[in-house]
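Throughout, read-outs are computed from the coordinates displayed, never taken from laboratory work. Note that the structure is a prediction, hence the values are computed from the model and not measured. FYI the Cβ positions are ideal-geometry reconstructions off the backbone, even for glycines, and counts take in every protein chain you see.
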Amino acid sequence: MGKTDSNGSYRDRVGILLYVFYLLMLVASVFLIFRLVMIQLDFNPDPEIEKKLTPSSRRVKVEAARGRILSADGRTLAMTYPEYTLFVDCTVQEADVWRDSLDLLCRGIARITGKETAARYKELLTGGRKRGSRYMKLCEGLDITQLYAMEKLPIFNMGQNCGGLIAQTRNRRHYPFGTLGRRTIGFVRDNSEVRNRYVGIEGKFDEALSGTDGEFWTEKTDFGHVQRYDTSFVKACDGLDVHTTIDIDFQLFADKALRRNIEEDPNLEGGCLVVMDVRTGAIRAMVNLLREKTGGPLGEISNLAIGRKGEPGSVFKTSCLMTMLEDGHVKSLQDRIPTNRGVLPGYGYEPDTHITSYEKAHGSSIPIIEGFKVSSNYMFRYLAVKHYGKRPKDYIAKLKSYHLGDAFEFDIEGLAAPALPNPESEMWSRTDLTGAATGYAVDQTPLQILTFYNAIANGGRMMKPYLVDSISGGNRTQKVLGPGVLEKSICSRATADTLVRALKYVVEEGTATRLRGARCQVAGKTGTARVALDSGGYSNRDGQKKYQGTFVGFFPAEDPQYSIICTVYSYFSDKVYFGGTIPAATVREVIDRICDTDPYWRPSIPEAGTVPSMETTVGDRVAEVVNGEVKAPDFQGLGLRDAIALAEAEGLECRHCGTGHVTAQEPAPGTRLKSGETVMIELR
Amino acid sequence: MIKKIFRFLGNSLSAILKGEFLVRLGLARYFRQVLFVFLMIGAVIWASLSIDSTLNRVERNKKELRDLRTLETIKKFKLEQRQSREMTLKTLERMGSRLAPAQNPAVRLADAPDGRTDTE
């Protein structure tokens with residue numbers, strides 16, 4: 001019970017305590033109000049304290065994610081993800097923790113990185129601690145899974161302030177398929193002193209791939225830095241994905257075939273191989289292999305297919321034949337020209353040995369097809385001089401109409417401009433006409449030659465080669481690039497068909513017989529050109545020459561799906577590198593692999609049908625035994641089990657290959673065999 | 001006038017000291033509203049601190065998401081690598097498998113020329 005004071009007010013202990021509490025709060029609030037007013041009117045805080053108490057803001061840049069580069073079937077050829085560089089502050093760890101856990105830590109680092117030994121890392125960390133290093137580089141190039149593993153190691157699992165682990169992140173480009181097509185995929189160099197900074201698809205489409213960086217401001221709170229959601233926020237726009245036409249399987253086939261054929265020969269500087277879709281001009285594979293120095297390894301260090309132009313040699317003769325056919329100077333491939341002992345009068349060329357051999361065997365005239373088959377220089381020079389000797393301008397104009405003198409816009413930088421001789425130039429001489437007819441005195445890149453042959457395969461319609469199909473972002477196609485037509489018709493359908501026949505003949509009977517046994521019929525042309533020196537001439541002081549061997553063609557010849565070119569380049573050597581050897585062999589390997597996998601070549605069988613009834617039974621086929629010998633039964637059409645049963649019934653051994661029904665046997669049915677002898681059957 | 005002001009100030013000060021200021025102003029009947037205001041002020045302070053805490057959690061989650069996206073990208077990269085023909089062949093060789101690339105293209109089933117099916 002409380003007391004009653006002199007005025008009669010009722011007081012108790014709780015009331016007094018509450019009143020005291022109230023008075024304290026009152027005093028505190030008066031003081032606070034007074035301080036607030038004073039701070040607003042007149043206060044200059046200590047700069048150090050002001051800095052520590054003012055919530056800090058910082059600007060954070062958001063790097064846009066770089067877009068991917070994808071193959072024709074959507075597989076990723078190039079993508080970006082961050083890599084981590086680890087630094088250690090060697091001064092923050094407690095001495096006993098350091099002493100007890102250092103060995104375990106170093107073993108863990110060595111296991112995770114796999115780059116150095118545990119002893120080396122221990123030496124590094126011990127040295128850093130002795131020096132008092134606060135930012136010592138430990139290792140670089142780690143991915144996030146390795147970073148997580150590092151953060152679990154002893155000492156490092158204590159956080160940055162106690163463990164000393166500092167991770168710096170940097171986005172880097174990665175290529176799942178290694179060096180395949182690397183030059184075509186390309187890269188962007190940060191080094192502004194280098195001339196060629198934007199290489200390949202990465203360089204040409206850098207703007208689309210880069211996206212736009214964003215930024216926002218953060219402010220420090222009691223719990224850490226948080227983003228400010230205000231008008232200062234700039235959203236990052238990620239880069240777009242570039243869809244290419246490259247088929248990575250074709251790229252692999254081409255890369256392996258070219259490497260296998262040129263790697264072992266130290267005289268070969270490098271080579272390139274391009275596969276193109278005939279109907280669309282889409283490039284399915286582009287391989288460029290070059291040695292950086294003599295004897296060095298092959299690498300994708302320069303785009304030879306588009307950048308190295310030179311005299312193409314005999315592959316250019318097809319343009320001469322096309323001109324003759326189009327202008328009616330040659331009516332059919334059976335038209336004949338005089339052999340003249342292989343000598344073009346008035347020009348001083350060496351006699352063409354192909355012609356002299358033919359002349360000895362067949363007489364004084366040679367059909368066009370035979371001259372084309374053996375790639376006779378005499379024949380094409382003769383045709384050019386006979387029909388265009390007085391008007392070379394018309395011949396060159398014809399070559400220009402095939403776009404052999406134009407550089408077209410291409411999906412990567414660096415396509416060298418081709419060159420044709422100019423009859424109106426002061427430098428023109430009459431040998432330029434004969435040179436142009438045989439593939440000299442002109443400059444072409446392998447891609448330009450392929451584009452020309454692709455047009456022949458496509459019935460005269462010249463498609464523009466392209467590498468990029470479309471650009472997409474946010475699961476939506478933003479831009480479609482796709483096929484383009486360079487020329488609707490560079491020649492008539494009839495001319496194209498005639499040329500296809502001629503090119504098939506080259507493979508069947510001529511200089512490209514290495515392709516005769518390919519999985520499908522191939523049509524094409526070989527070319528072997530000496531490479532001209534900058535100083536003029538073709539030989540060095542030792543009489544050695546550089547060669548450029550080419551095979552270009554398309555397959556299958558009866559319904560072309562793909563065109564292909566392979567060019568190899570030699571160093572100075574005494575050896576001649578013909579187009580019919582390494583390039584043809586390489587192309588054959590590629591064609592065989594493509595035929596194994598491309599759906600076009602899949603044989604089909606009906607999904608449903610009636611199984612034909614067997615006209616004879618196994619029992620009817622029992623062999624006749626005469627004098628201990630048996631006649632080999634007829635296994636034709638039998639399944640494997642029936643065939644084995646039949647063979648064993650007669651005491652014969654049976655060996656088989658393939659699956660299905662018997663289509664062939666060795667020895668033939670009816671052949672006399674002794675008991676225990678072997679018959680070989682083939683099933684399909 | 002000045003006397004009135006001083007009397008007012010004196011009364012106010014004595015009311016404050018006695019803890020009767022609001023009662024003398026006649027705000028006793030608005031006690032619930034006054035209490036509500038104080039509670040609201042407390043709620044705002046609490047909400048502000050909670051927001052800070054939530055925003056920090058948002059930042060941590062954002063970092064977590066970024067790391068997960070990075071992890072996803074790396075896994076996609078490794079999957080692409082493993083799916084490559086070359087890697088598949090190397091893996092098969094390492095496992096001692098005799099499986100080799102097809103020498104012939106796969107046969108495909110086409111519709112029967114006269115439209116018959118297996119059930120007919």
Would you mind giving the mean number of other chain beta-carbons within 10 Å of the Cβ of each residue in B:9-18, as a whole number?
-> 1
Starting from the Cα of B:LEU17, step 7 Å along the direction of its Cβ; do the same at A:ARG493; then give the gap between the two resulting points in nm.
-> 11.7
May I ask you to derive the FRET efficiency for A:THR431 and A:GLU508 from their Cβ-Cβ distance with R0 = 45 Å, giving the value to the nearest 0.05?
-> 0.85
In nanometres, what is the gap between the two model label sites at A:ARG279 and A:THR169, each 7 Å from Cα along Cα-to-Cβ?
-> 4.6
Residue among A:LEU18, B:LEU68, A:ALA384 farthest towards the positive dipole end of the protein assembly as shown, charges placed on Cβ | A:LEU18
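Kirkwood hydrodynamic radius, region A:317-420, all distinct C-alpha pairs: what's the number in Å? Spell out each step's value before the answer.
Working: mean 1/r = 0.0662 Å⁻¹.
Its Kirkwood hydrodynamic radius stands at 15.1 Å.
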Dipole moment magnitude, nearest 20 debye, region B:32-92 about Cα centre, only Lys, Arg, Asp, Glu C-beta charged | 300
Mean Cβ neighbour count within 10 Å, used as a protection proxy, ranking B:17-28, A:49-60, A:280-291, A:383-394 highest first = A:280-291, A:383-394, B:17-28, A:49-60
Efficiency of FRET from Cβ geometry, A:ARG35 and A:LYS479, R₀ 60 Å, rounded to 0.05 | 0.40
Listed pairs A:LYS293/A:LYS546; A:LYS61/B:LYS75; A:LYS61/B:LYS63; A:LYS464/A:LYS488 exceeding 20 Å between Cα atoms | A:LYS61/B:LYS75
Among A:SER563, A:SER429, A:LEU102, whose Cα lies farthest out toward the positive end of the dipole of chain A, if unit charges sit on the beta carbon of Lys, Arg (+1) and Asp, Glu (-1)?
-> A:SER429
With Rh as the Kirkwood radius over Cα pairs, the protein assembly as shown has Rg/Rh of 1.22
What angle, in degrees between 0 and 90 and rounded to the nearest 10, separates the Cα long axis of helix B:31-83 from the longest principal axis of the Cα atoms of chain B?
-> 20
Using only the Cα atoms, work out Rg/Rh for region B:32-92, with Rh taken as the Kirkwood radius, to two decimals.
-> 1.60
Net +/- balance of residues flanking A:ARG514 in space, Cβ distance below 14 Å, scoring K and R +1, D and E -1 | 0
Within chain A, helix-based [θ] at 222 nm, where runs of 4 or more DSSP H residues each add -39,500 (n - 2.57), nearest 500 | -10000 deg cm²/dmol
May I ask you to evaluate 6.51 cos²θ - 1.76 cosθ + 1.60, the Karplus curve with θ = phi - 60°, for each residue of region A:54-69 and list the ³J(HN,Hα) values in order in whole Hz, giving x for glycine and proline?
-> 6, x, 7, 10, 9, 8, 10, 8, 9, 7, 5, 6, 6, x, 8, 10
Angle between chain B longest axis and helix B:85-94 axis [Cα atoms, degrees, rounded to 10] | 80
In what sequence do A:TYR19, A:TYR402 fall when counting other Cβ within 10 Å, fewest first?
-> A:TYR19, A:TYR402
Any helix of chain A counts here only if DSSP assigns it H throughout, its Cα atoms span 27 Å or more along the axis, and its mean Kyte-Doolittle hydropathy is at least 1.0, and such helices are A:13-41
Value of relative contact order over chain A, rounded to a whole percent, pairs C-alpha under 8 Å and six or more apart | 11
Between A:ASP96 and A:LYS293, what is the label-to-label distance in nm when each label sits 7 Å out along the Cα-to-Cβ direction?
-> 5.7
Once you list every other residue whose beta carbon is under 15 Å from the beta carbon of B:ALA100, what net charge do they have if Lys and Arg are +1 and Asp and Glu are -1?
-> +2
Amide H contacts under 5 Å for A:GLU83, restricted to residues at least 5 apart in sequence or on another chain and with H modeled in the peptide plane, are A:ARG170, A:ASN171, A:ARG172
Given Cβ charges of +1 for Lys and Arg and -1 for Asp and Glu, the option among A:ALA502, A:MET324, B:LEU9 whose Cα lies farthest towards the positive end of the dipole of the protein assembly as shown is B:LEU9
A:PRO667: net charge of surrounding residues, Cβ under 11 Å, Lys/Arg +1, Asp/Glu -1, itself excluded?
-> 0
Subtracting the Cα-Cα distance of A:LYS220 and A:SER332 from 0.36 nm times their residue separation yields 31.7 nm
Cα centroids of region A:436-490 and region A:205-263: how far apart, whole angstrom?
-> 28
If r is the Cβ-Cβ distance from B:GLN81 to B:TYR30 and R0 is 60 Å, what FRET efficiency results, to the nearest 0.05?
-> 0.25
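Show me A:554-564, A:473-483 ranked by packing, highest mean number of other Cβ atoms within 10 Å first.
A:554-564, A:473-483
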